[in-house]
């Protein structure tokens, strides 16, 4: 399914750093085949636990461990993390962030939380629908992708992405 504009994600600001130009992101797809707004975790817009009362700045879609994750459009891999024991205490266990250049010259970042980069590394150019990784086990709740889109170029501060 091709999307012209993402209305299903919360948008926030990434950074004011200057990005790099690579193939333009003109069309978009969902990050998982069969993706729907399933409300699988029923958190609404608010976090839980240490994030109680905070906005939940992404969409969660429950899937099985090993499900392929694909990039939503053309871009460049800016960050990957694989932390299966949560040694960083960030709660991601796995994370991929891709920066995209829009036709008007603006930038967005797509975030794929609880996913392991199996097919790409930081600096790689990616094309729409390209497999970039797989869903990993998420011990804090049901296995899912935590998917978000953020305005601006990648800022390098992963604490900013929630």
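Just so you know, all these numbers are worked out from the coordinates, no wet-lab data involved. The shown structure was predicted, so the numbers you read here are calculated from the model rather than taken from an experiment. Neighbour counts run over all protein chains shown; Cβ positions are idealised from the backbone, glycine included.
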Volume of the Cα convex hull of the range 64-158, divided per residue and given in Å³: 87 Å³
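Using 1/(1 + (r/R0)^6) with R0 = 30 angstrom and r between the beta carbons of residue 27 and residue 83, what's the FRET efficiency to the nearest 0.05?
0.40
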Net length gained if the chain between residue 151 and residue 125 were fully extended (0.36 nm per residue, minus Cα distance): 7.4 nm
